[in-house]
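As structure tokens, the structure follows; a few thoughts come after it.
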Amino acid sequence: MLILECPCCGVMAEETELAPGGEAHLKRFGAGSSDEDFETYMFARKNPKGVHFERWRHAYGCGKWFLAARCTATLEVFGTYPAQTTEPPAELVEKIKAKRPDWKGWK
Amino acid sequence: MSTRLAKGGRLIDRTAPQEFTFNGKRMKGFAGDTLAAALLANDQILVGRSFKYHRPRGIVASGAEEPNALVNMGVGGRFEPNQRTTTTELFDGLTCTSQNHWPSLEFDIGVVNNYVARFLPAGFYYKTFIHPRFAWKHIFEPIVRQSAGLGKVPKERDADRYEYAYAFCDLLVVGGGIAGLQAALIAGRAGKRVWLIEQTAHWGGRAVVDGVEIDGQPAEEWIKNALQALVGMGNVTLRERCMAAASYDHGYVLCDERLADHTPGDGRPRHRLWRVRAGQIIAATGAIERPLSFAGNDIPGVMLASAMRDYVVNWAVSPGDRTVIVTNNDDAYRTAITLKEAGLEVPVVLDARANVTGDLPQQARAMGIRVEVGRAIAKVKGGKRVTGVAICAHAGQGAVLEEIACDAVAMSGGWSPVVHLWSHCGGKLNWDESQAHFAPDPARPPLNHDGSALVVTAGAASGRLLTGDVLVDATAAAGGDDAPTASAPFEAAMEPVWIMPQGAPVQLRMKMWLDPQNDVKVSDVQLAAREGYASVEHTKRYTTLGMATDQGKLSNINGLAILADSLSSPIPQVGTTTFRPPYTPVTIGALAGEARGEIFQPLRRTPIHDWHLANRAYMEPVGLWQRPYCYPRTGETHEQAVHREVRNTRANVGLLDASTLGKIIVKGPDAGKLLDMLYTNVMSNLGIGKCRYGLMCSEQGFLSDDGVVARIDEETWLCHTTSGGSDRIHAWMEDWLQCEWWDWQVYTANITEQFAQVAVVGPNARKTLERLGGMDVSKEAFPFMTWKDGELGGFRARAYRISFSGELSYEIAVPASEGRAFWDALLAAGAEFGMMPYGTEGLHVLRAEKGFIMIGDETDGTVIPQDLNLGWAISKKKADFLGKRGQERPHLASPDRWKLVGLEALDGSVIADGAYAPAPGNNANGQRNTQGRVTSTYFSPTLGKGIAMGLVKGGLTRVGEVIEMTRLDGSFMQVRIVDPVFYDKDGEKQNV
């Protein structure tokens, strides 16, 4: 029962208010893409023990999707940010690096 | 014998006698007794039979850790099995029975297992019941099921009610002993919102029984003052009889408050399940004393030393006249002193240690108690109760030095911190060599969302067993620095003792119980190690050590120490099994709370719901909606009602409450662009005032939802979804809009519940609306697949000329608040045209006769539109849409896919739902190959025969072919492949 702060409405929302949406920052490959690209987009998912970027929707709140950086092992939440971006904010990346020196980066 | 002492008993009220029965025997106790204390006061030493060997068992503990003394409580709707007598408060009129014996507790046939115990070692079942295979189902399983299990399953509906409650606090302190009280005092004074909960009905934990002094006051006084201070703080909430069952991510704690277990039928909820969100948790959960492993340690009368002094001090119950004490630590001497002070005999204290010099042993010696060092119990004598002990040297192999008559044995093998709440969420443990227990490692706590320590332990739960250390640790845990001082005797170090005597031969080890509830002995764990079970998790499952209802509170540490010894590994390397919630069992009723019967789940009701009920509709759940399945008349079966409704709709006019249909507004300059991506066909070029059927697919290409889209104005479309799909599809739209195409200017709004929608269906539909009066509904003014805003019978209405039945049909939306009045007006207007309402089953039959697909029947997440001959609804022109790339994959483009056809049994009967069509040959698993299956099957009242749709390899190219399909009894029927449109193939009836 995680608690995540919704960056849109500012509520510290608990998991019953949220709907999960899987891995964040996937690049969509549509019609005409190669088999390899489509396979990666559709099926290849990270499953790290450690820092993970994921999609959440404040479904029973403001209704907005947002992204969260979270440690899958300790459940520490490094930060949440709006979904309208293709990569995590630089300051969040710095914060995670400071807390997890062994982290290999988000890509 | 065990009995009530004439004096003392700090928790009982001798002026309030209580009567109760055990196995029908009338007994007496006092208010304040636990059931266990009252049973002992009535000399009921034997309280149950063990799980596997049916050995006689007595009370071992005085709290939640009790493994043996479980009873069936209550009768009828208040019957509950496996209730721990040690945590059950006595009340007048309590009835209970012992478990797991036949015909009686005293004479149990199952005890033969005890005499063949050598043939029932760990893994016996696994090894024995493998061959022959048929024997498991027909011989072994019925016998095992009959003899396994402790309590009986309740037969009646629970007569009590249960409730949920929610709480939020900065700090949740679990445990109302002196550590919890001190932590709550510090945090409360600092102004934090504090919750302090205690699982028993009493505050102060063990401190009073152990006779410690705090700040120069007796513990009882200090506890009273602390409580008074806490009650006076507005920011502190105290809850007793409240057990923290589990801690979950980010400070979510489930607490079970036993409100009325001890006052049954007083009108209050029996339990209240608290869902607490805590900023931080202090686990002041104390420690549990470990038993010692010596032969006969399960005979009734053998008890934990701490439990024994609890019974004497708290409830004035003497567990025996002559008690032998066996220990590896100083703490157990408190029991010797307590018994002696109560006027009872302690013939000897057997201490496994060679040097015994602490304050407490010295005090015991000074009181004239015989203390034997380096000694152990070779064997406890007795059957249904203890009659004596044989003494040996602990260092030896059990050669008897002396026998001493006694009627009770108090054992103490040291203390283990209660770390469950710490460990549930990933807190790590360290092995403490000096105290021989696992204690929380403060450097590796479970983490909160901000990376801080979610759980902090305080006092004995941290492994601090001495009163002074407990208070310092609890003060620090709550962020304070000024701890009260405690005066307690000096206690010398304990010495780990895992089996007693240390060289015990197998005959003795076979009588040393580790887990008395599941009948696991030292020899079983050693056997598991010999057979290769090196992991503690595997050994646990193989031997069932710690898998009983007590979850190994007494047995786990001793068991893994034996395993470590057998494997010649250090204990920390073997490690513990995983601590899983709940801490003690939580009754299913508490978990269900109020969610049962009518309010099991939320219900969605259409504006016309009450009319359906008043007109005896048979309702069925559709998602969270309740919809009429049919409206049976007097004497009609449901099937007959459905047939009548279908025939009447085809012949006259039917009325359907379609309010549940999903309605989503999509609006904005880029709305058309979005819909072109969401739907497989083109929606952007739909003319204003027109309707178009559309399909939505997942990115994998599988059909996900369908419905009619109406173009409202230049920037606005209204998308109809399936009844069950509106929330999902709205979320799907928002997902793409917010996360992929966030620069597109589009708004969506789910307006499903803002409108009541009624379908007027049948040849007389137009006449009905004309009678109602208002907008022009003629063929010319209102053609098929268009919509119109206007008035009907004085109602503001939006009407769609669409048809899901093949009949002349209008679907009319009115504001939800006017839905019921509009429905009534339609019924009145349609009366002369033979109008009848029809339900969802009629809707299904009507659509199946026309070969229209239904999401969830023809689709199951593996079906693409092309499989359903819906290729015409897939745009070839569009560069991209959701699912396009997925459908290009070779497997989805294969001509071998099963495709939609109609199916008719040659004999006209109804094909079984879900029937398969076998194909020649077998697959790699020896199963029959298949070539198709039924997706929808009904009796068609219009055609007077069974009709079905299904997916068959080759699809419509095979029309006319006869294939076999399965019946439910395993036989086959002959089925002809036909066109799926059974009725009015040219659509003449809907386009009039």
State whether one or more residues within the range B:701-721 are within 14 Å of chain A (Cβ to nearest Cβ) and either surrounded by fewer than 23 Cβ atoms within 10 Å (Cβ to Cβ) or under 18 Å from B:Ser875 (Cβ atoms) (or both). yes
So for the range B:724-733 (the condition being away from chain A (no Cβ under 14 Å), surrounded by fewer than 23 Cβ atoms within 10 Å (Cβ to Cβ) and over 28 Å from B:Ser875 (Cα atoms)), does at least one residue qualify? no
Does A:Arg57 satisfy the criteria of being modelled with pLDDT of 95 or more and within 9 Å of chain B (Cβ to nearest Cβ)? yes
Does A:Arg28 satisfy being buried (at least 17 other Cβ atoms within 10 Å of the Cβ), out of contact with any strand residue (DSSP E or B) (no Cβ under 7 Å at 6 or more places or on another chain) and either under 30 Å from B:Arg277 (Cα atoms) or within 12 Å of another protein chain (Cβ to nearest Cβ) (or both)? yes
Output for Cβ contacts, cut-off 6 Å, separation at least six or different chains, first residue closer than 20 Å to B:Arg798 by Cβ in the range B:719-738, second among the small types (Gly, Ala, Ser), reads B:His720/B:Gly707; B:Thr721/B:Gly662; B:Thr721/B:Gly707; B:Ser726/B:Gly662
Can you pull out the strands (runs of 3 or more DSSP E) entirely within the range B:219-278 that have at least 1 residues that are within 14 Å of another protein chain (Cβ to nearest Cβ) and at pLDDT 95 or above? B:242-248, B:252-258
Could you tell me which of the residues B:Ala797, B:Ala813, B:Ala756, B:Ala781 is away from every other protein chain (no Cβ under 14 Å), under 23 Å from B:Val709 (Cβ atoms) and in a loop (DSSP other than H, G, I, E, B)? B:Ala781
Residue by residue through the range B:594-640, note down the ones that are under 21 Å from B:Leu846 (Cα atoms) and without any contact (Cβ under 8 Å) to a residue 40 or more places away in the chain. B:Met619, B:Pro621, B:Gln626, B:Pro632, B:Arg633, B:Glu636, B:Thr637, B:Gln640
Total residues in the range A:60-93, condition more than 10 Å from chain B (Cβ to nearest Cβ) and either part of a helix (DSSP H, G or I) or charged (D, E, K, R) (or both): 5
Please go through (1) farther than 17 Å from B:Arg798 by Cβ; (2) of a type outside the set (D, E, K, R); (3) crowded, with 16+ Cβ neighbours inside 10 Å for B:Asn685 and return the number of the only condition it doesn't satisfy. (3)
Tell me, which residue of the range B:1-52 that is hydroxyl-bearing (Ser, Thr, Tyr) and assigned to a loop (DSSP other than H, G, I, E, B) is nearest to B:Asp519 (Cα to Cα)? B:Ser50
What are the pairs, 6+ residues apart or on separate chains, where a residue within the range B:802-824 that is among the acidic types (Asp, Glu) has its Cβ under 7 Å from a residue that is modelled with pLDDT under 95? B:Glu807/B:Lys989; B:Glu807/B:Gln990
Of the numbered conditions (1) more than 11 Å from chain B (Cβ to nearest Cβ); (2) exposed (fewer than 14 other Cβ atoms within 10 Å of the Cβ), A:Val51 satisfies every one except a single condition; which is it? (2)
Mind listing whichever residues of the range B:301-327 are part of a loop (DSSP other than H, G, I, E, B), in contact with an Asp or Glu (Cβ under 8 Å, 6 or more places away or on another chain) and surrounded by 24 or more Cβ atoms within 10 Å (Cβ to Cβ)? B:Gly301, B:Gly320
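With a cut-off of at least 2 residues that are farther than 24 Å from B:Glu740 by Cα and more than 41 Å from the chain's Cα centre (by Cα), name the strands (runs of 3 or more DSSP E) lying wholly within the range B:633-712.
B:653-657, B:691-697
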I need a count of the residues in the range A:94-103 that are in a loop (DSSP other than H, G, I, E, B) and either touching a Pro at 6+ places or on another chain (Cβ under 9 Å) or within 11 Å of another protein chain (Cβ to nearest Cβ) (or both). 1
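Residue-by-condition table, conditions (1) touching a helix residue (DSSP H, G or I) at 6+ places or on another chain (Cβ under 7 Å); (2) within 25 Å of B:Val981 (Cβ to Cβ):
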| site | (1), (2) |
| --- | --- |
| B:Lys779 | no, yes |
| B:Thr786 | no, yes |
| B:Ala799 | no, no |
| B:Arg820 | yes, no |
| B:Gly830 | yes, no |
| B:Gly834 | yes, no |
| B:Val845 | yes, yes |
| B:Glu849 | no, yes |
| B:Asp867 | no, yes |
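Need at least 1 residues that are modelled with pLDDT under 95 and surrounded by fewer than 17 Cβ atoms within 10 Å (Cβ to Cβ) per element, so show me which helices (runs of 4 or more DSSP H) inside the range B:501-600 make the cut, counting only ones lying wholly within it.
Output list reads B:506-509, B:522-530, B:536-543, B:571-574, B:588-592.
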Answer residue from the range B:390-449, given it is surrounded by fewer than 23 Cβ atoms within 10 Å (Cβ to Cβ), part of a strand (DSSP E or B) and within 29 Å of the chain's Cα centre (by Cα) and is nearest to the other protein chains (Cβ to nearest Cβ) among those: B:Leu447
Where the second residue is in a loop (DSSP other than H, G, I, E, B) and the first is on the phi > 0 side of the Ramachandran plot and lies in the range B:965-992, which pairs have Cβ atoms under 6 Å and are six or more apart or on separate chains? B:Asp984/B:Gly806
State which residue is surrounded by the most Cβ atoms within 10 Å (Cβ to Cβ) when the search covers only the range A:1-24 and only residues that are more than 10 Å from every other protein chain (Cβ to nearest Cβ) and either touching a helix residue (DSSP H, G or I) at 6+ places or on another chain (Cβ under 6 Å) or in a loop (DSSP other than H, G, I, E, B) (or both). A:Cys6
Taking into account only those residues within the range B:279-300 that are in a strand (DSSP E or B) and of a type in the set (A, V, I, L, M, F, W, C), which is nearest to B:Ala405 (Cα to Cα)? B:Ile288
Could you grab me the full set of residues in the range B:288-300 that are more than 15 Å from B:Ile59 (Cα to Cα) and buried (at least 24 other Cβ atoms within 10 Å of the Cβ)? B:Leu292, B:Ser293, B:Phe294, B:Ala295
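The values are calculated or read from the model by the stated rules, or taken from the named source; none is laboratory data. Bear in mind the structure is a predicted one, so any value in this text is a computation, not a measurement. Neighbour counts are summed over all protein chains in view; Cβ atoms, including those assigned to glycine, are modelled from backbone coordinates with ideal geometry.
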